[in-house]
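Step one of this worksheet: look at the structure below.
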Amino acid sequence: MKDTQFAINEADVVAEVIDGEAILINMTTGCYYSLDGSACEIWKLLQMSPANAQSLASSFSGDHEHIVTEVKTFLNSLSEENLIQPSENHSNSLNEAHERSQLSHLVLNKYTDMENLMLMDPIHDVSDEGWPTRQN
Amino acid sequence: MLSALAHHPQGKCCDHTLDLYIWDKHTTGIEMPDLPMDLPFNEGWHYDQGRYFALALPFQNSSIWLDRVNNDAIYYSENLENINLAELSAPFLFIWSAWLSKRNLLVAHAAALQGRRGALLLIGAGGSGKSSTALKSLRSNLTYLADDYCLIKPAPEPTVFSLFSSGKVFIKDRDLYPELESAVVGDNGEKVIYQFSPTHRQKLGFGSPITAIMAVSRTASNTTAIVPLSPIASVKRMAPNTLLQVRYGSDSKKVLKALVTTIHAVQCLDLRLGTDRDHVIQVLENFLQ
């Protein structure tokens with residue numbers, strides 16, 4: 001599995017971390033999510049800087065290769081939900097800023113009860129250029 | 001169109017005013033001109049670039065236009081006689097959201113009631129019992145503030161204000177509220193819609209500091225109980241609803257931050273509704289009076 005560097009999809013996702021738990025809302029799909037434990041820690045690290053599984057895994061103690069595999073799987077699940085996107089941007093070093101903890105089971109809790117709001121009637125974002133192009 | 005706003009005081013109360021023009025193509029015979037850009041055909045679109053905000057809602061055959069610098073807004077409708085009940089119960093919702101968000105006020109998806117100790121914000125998913133709980137204030141010593149949408153001034157002094165004087169309840173529960181029959185204006189096939197001004201004018205309030213946020217849920221128990229709720233659980237019950245239902249006109253990231261700080265500034269509770277409706281009223285009156 002390729003180790004892609006990811007960044008948070010700032011355009012579509014709003015998120016807050018409260019008392020060790022992250023709540024994420026994808027404003028284009030209407031789905032919302034919660035992350036706790038190590039999953040929340042990874043999200044907080046991504047809020048600081050784009051990162052790949054290798055660099056994120058370094059923030060946790062234990063069998064590094066196993067942790068990298070777990071983190072890669074978790075990042076893919078975030079990516080599939082369009083919560084994060086591949087990023088070429090420079091990433092800051094995460095190790096100094098983060099005290100290592102043991103990796104807990106990485107779970108992305110997904111809630112779809114608001115999804116129908118977005119599916120019923122699509123509302124397109126329009127820029128100054130119109131949608132999708134400006135009329136001459 | 002203005003019935004749900006009729007409970008607000010008339011006349012100028014402060015320096016913040018918005019001139020709202022209601023443009024009905026049917027009665028004026030004047031159609032909105034085409035914009036000089038390609039737009040989605042027969043689908044909704046949304047524009048928000050600082051000064052100007054616009055939102056087209058084809059399923060309502062209407063569009064709204066706001067100039068945040070000149071404080072002018074236009075509500076354009078193909079035919080005001082065909083306005084649906086949802087629009088009538090929450091008129092110009094996105095104009096309020098887009099204009100008031102710049103004045104540190106946010107439109108929240110919540111019900112609200114008021115007593116001597118302040119206001120209760122009732123949050124929860126559709127069908128959780130928020131609306132029916134708010135309606136119970138109309139037969140109690142409490143005051144009705146909101147059913148679906150209200151205005152919140154975030155922390156450090158969290159306050160809730162009434163926006164609309166409308167309410168609704170599932171059609172199957174209509175007979176449980178005989179005292180509200182005079183306020184019925186119609187139904188949308190699923191819910192009965194009420195307009196409480198002027199029929200219940202004396203029971204309508206305008207706003208109050210928030211004493212607590214209560215997440216509402218139904219139980220099979222006879223009695224109603226109030227138990228503590230963590231801030232994160234309150235955020236989960238409130239934020240997605242507000243951000244997704246009122247997603248136009250405001251900065252979602254700022255709204256979420258404001259909701260989180262507000263939730264942390266007040267008491268968060270779980271209102272577990274019992275089947276004894278009189279006991280629900282008693283519990284809320286004891287809490288707020």
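Compute a Gaussian network model of chain B, connecting alpha carbons closer than 10 Å, and tell me which residue from B:M214, B:M37, B:M238 fluctuates the most.
Comparing B:M214, B:M37, B:M238 in a Gaussian network model of chain B, the most mobile one is B:M37.
Let me know the volume per residue of the alpha-carbon convex hull for the range B:111-236, in Å³. Could the numbers behind the result be given before it?
Details: hull volume 15.1 nm³, N = 126.
Per residue, the Cα convex hull of the range B:111-236 comes to 120 Å³.
Where the centroid of each part is defined by its Cα atoms, how far is the range B:132-191 from the range B:21-82 in Å?
28
Placing unit charges on C-beta atoms (Lys and Arg positive, Asp and Glu negative, everything else neutral), compute the dipole magnitude of the range B:133-289 about its Cα centre in debye, rounded to 20. Each step should come with its number before you reach the end.
Details: 18 positive and 14 negative charges, 98 e Å.
Dipole about the Cα centre, nearest 20: 480 debye.
Under 10 Å, Cα contacts only: if you run a Gaussian network model on chain A, which one of A:N109, A:N52, A:N82 comes out with the highest mean-square fluctuation?
With Cα springs under 10 Å in chain A, the top fluctuation among A:N109, A:N52, A:N82 is at A:N109.
Once you treat every alpha carbon in the range B:32-94 as an equal point and sum by Debye, what is log10 I(q)/I(0) at q = 0.24, 0.28 Å⁻¹?
-1.17, -1.38
Helix A:37-48: angle to the longest alpha-carbon principal axis of chain A, degrees 0 to 90, nearest 10?
60
When the chain is fully extended, how far beyond the present Cα-Cα distance does A:N116 get from A:D3, taking 0.36 nm per residue of separation? List each step's numbers first, then the result.
Working: separation 113, 0.36 × 113 = 40.68 nm, distance 3.39 nm.
Net length gain for the segment: 37.3 nm.
Please compute the alpha carbon radius of gyration of the range B:216-289, then divide it by the globular-protein estimate 2.2 N^0.38 Å. Two decimals is fine.
Values: Rg = 14.8 Å, N = 74, 2.2 N^0.38 = 11.3 Å.
This ratio for the range B:216-289 stands at 1.31.
Using helices alone, what [θ] at 222 nm do you get for chain B, with -39,500 (n - 2.57) per DSSP H run of 4 or more residues, divided over all residues and rounded to the nearest 500?
Numbers: 7 runs with 65 residues, N = 289.
Value at 222 nm, helices only: -6500 deg cm²/dmol.
Percent antiparallel among DSSP beta bridges with both residues in the protein assembly as shown, to the nearest 5?
Details: 67 of 91 bridges.
Within the protein assembly as shown, antiparallel bridges account for around 75 percent of the total.
Once the principal axes of the Cα atoms of the protein assembly as shown are found, what is the range along each, listed largest first in whole angstroms?
The Cα atoms of the protein assembly as shown stretch 70, 65, 41 Å along their principal axes.
Tell me whether chain B comes out rounded, prolate or oblate; compute the Cα gyration tensor, take square roots of the eigenvalues as a ≥ b ≥ c, and use a/c under 1.5 as the rounded threshold. Please report the intermediate quantities before stating the final value.
Details: a/c = 1.88, a/b = 1.48, b/c = 1.27.
Prolate.
For the modelled label position 7 Å from the Cα of B:L18 along Cα-to-Cβ, which residues of the range B:78-96 have backbone nitrogen atoms closer than 15 Å?
Backbone N within reach: B:90-96.
In deg cm²/dmol and to the nearest 500, what is the mean residue ellipticity at 222 nm of chain A if only DSSP H runs of at least 4 residues count, each as -39500 (n - 2.57), divided by the residue total?
Working: 4 runs with 40 residues, N = 136.
Value at 222 nm, helices only, nearest 500: -8500 deg cm²/dmol.
Say we join alpha carbon atoms closer than 10 Å with springs in a Gaussian network model of chain B; which of B:L120, B:L100, B:L20 then has the biggest fluctuation?
B:L20
Given 20 °C and 1.002 mPa s, how large is the Stokes-Einstein diffusion coefficient of the range B:1-136 in µm²/s, with Rh as the Kirkwood radius over Cα pairs? Walk me through the numbers on the way to the answer.
Numbers: Rh = 17.2 Å.
Once the numbers are plugged in, D ends up at 125 µm²/s.
Efficiency by 1/(1 + (r/R0)^6): what FRET value for B:N84 and A:H64, r their Cβ-Cβ distance, R0 = 45 Å, to the nearest 0.05?
Using R0 = 45 Å, I get an efficiency of 0.15.
With +1 on each Lys and Arg Cβ and -1 on each Asp and Glu Cβ, and nothing else charged, work out how big the dipole of chain B is about its Cα centre, in Debye to the nearest 20.
Numbers: 27 positive and 27 negative charges, 260 e Å.
Magnitude of the dipole: close to 1240 debye.
Please give every one of the aspartates and glutamates within straight-line cross-link reach of A:K110, meaning a C-alpha to C-alpha distance under 15 Å, and leave out same-chain neighbours fewer than 8 residues apart.
List returned: A:E21, A:D36, A:E80, A:E81.
May I ask you to list the lysines whose Cα is less than 24 Å away from that of B:K102, ignoring any residue fewer than eight positions away on the same chain?
Within the straight-line cut-off, B:K102 pairs with B:K12, B:K153, B:K253, B:K254, B:K257.
Report the net charge of residues surrounding A:G20, where surrounding means a beta-carbon distance below 10 angstrom and charges are Lys +1, Arg +1, Asp -1, Glu -1. Present the calculation step by step, with values, prior to reporting the outcome.
Values: positive: A:K44; negative: A:D19, A:E21, A:D36, A:E41.
Here the count lands on -3.
Since every read-out is calculated from the coordinates, none of them should be taken as a lab result. Small disclaimer: the values here were computed from a predicted structure and weren't measured. Methodologically, a virtual Cβ is constructed for each residue, glycine included, from the backbone with ideal geometry; neighbour enumeration extends over all protein chains shown.
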